[in-house]
Amino acid sequence: LEPGRRRDLSDLYMTYDGSCKHPRSNRPACGAGVAAFLITAAGEELELRVWSIPLPEHSTAQQAEAAGVTAAEDNIIEAVEYAERLGYAVSTTVHIHGDSAVMTGQASGTFKVKALGIQILRWGAEARRAFSRYNIYHWYLPRAYNKGADAAANTAAIALFCTRRIASLDIPPIT
């Protein structure tokens, strides 16, 4: 792509997922994942970025999903700026997909959730900036089609679990 030459408008898609791993442990390790990609005017799919976010101890699967949708909203501007650096012009429509009906319903305004731990919080500066510049739509996506975000969430959860496991081993220092 020649410098300064832009391609036709592309739509931005963000997928999110949450994951909790607890192999033989009563302390689950949870993480959230987000994958951002473009669908170009020519129908090409271009993966832009993937985020893996480890969550605090004692998080639940629903909290991991909520963290995923919040991270997707918070990273819209970064994904758009990255696509533009690659020479793609991004439309003002952003599609956010998740495989949790509760989170998708809450984000789209269909559901109201009373439990504080799983309410989606949209008070971050980046999310406010994104919501003022883009038309953001939340869609339910069956799990089978959410592989990128699922892998990112699993990576965060497994890395956190392994870190805790290593920290709990009592290994004497080498002398």
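Open to solvent by 20 Å² or more (accessible area, probe 1.4 Å), on the phi > 0 side of the Ramachandran plot and out of contact with any Gly (no Cβ under 7 Å at 6 or more places or on another chain), is that true of residue 87? Here the answer is no, as residue 87 does not meet what is asked. Checked against (1) exposed (fewer than 15 other Cβ atoms within 10 Å of the Cβ); (2) closer than 24 Å to residue 59 by Cβ; (3) at pLDDT below 80, residue 101 passes all but a single condition, namely (3).
Beta carbons closer than 8 Å, at least 6 apart along the sequence or on distinct chains, pair a first residue in the range 132-145 that is in a strand (DSSP E or B) with a second that is among the acidic types (Asp, Glu) for 136/73; 140/99. Close contacts from the range 16-32, counting a first residue that is under 13 Å from residue 152 (Cα atoms) and open to solvent by 10 Å² or more (accessible area, probe 1.4 Å) and a second that is at pLDDT below 85 and in a loop (DSSP other than H, G, I, E, B), with Cβ to Cβ under 6 Å and a gap of 6+ residues or different chains, come to 20/28. Only residues that are modelled with pLDDT under 85 and either assigned to a strand (DSSP E or B) or surrounded by 15 or more Cβ atoms within 10 Å (Cβ to Cβ) (or both) were counted across the range 36-52, and they come to 1.
Inspect all residues belonging to the range 93-110 and state whether any of them is touching a strand residue (DSSP E or B) at 6+ places or on another chain (Cβ under 9 Å), part of a strand (DSSP E or B) and among the hydroxyl-bearing types (Ser, Thr, Tyr). Yes, some residue in the range 93-110 is touching a strand residue (DSSP E or B) at 6+ places or on another chain (Cβ under 9 Å), part of a strand (DSSP E or B) and among the hydroxyl-bearing types (Ser, Thr, Tyr). For residue 71, the conditions (1) open to solvent by less than 20 Å² (accessible area, probe 1.4 Å); (2) out of contact with any helix residue (DSSP H, G or I) (no Cβ under 7 Å at 6 or more places or on another chain); (3) farther than 13 Å from residue 14 by Cα all hold with the exception of (3).
Summed over the range 12-26, the residues that are modelled with pLDDT under 85 and either in contact with a Lys or Arg (Cβ under 7 Å, 6 or more places away or on another chain) or of a type in the set (Gly, Ala, Ser) (or both) give a count of 1.
The values are calculated or read from the model by the stated rules, or taken from the named source; none is laboratory data. Remember, predicted model here, so these are calculated numbers, not experimental data. As a convention, Cβ positions derive from the backbone with ideal geometry for all residues, glycine included, and neighbour counts pool all protein chains shown. With ligands, DNA and RNA removed, areas are computed over all heavy atoms of the protein, side chains included. Shrake-Rupley method; radii C 1.70, N 1.55, O 1.52, S 1.80 Å.
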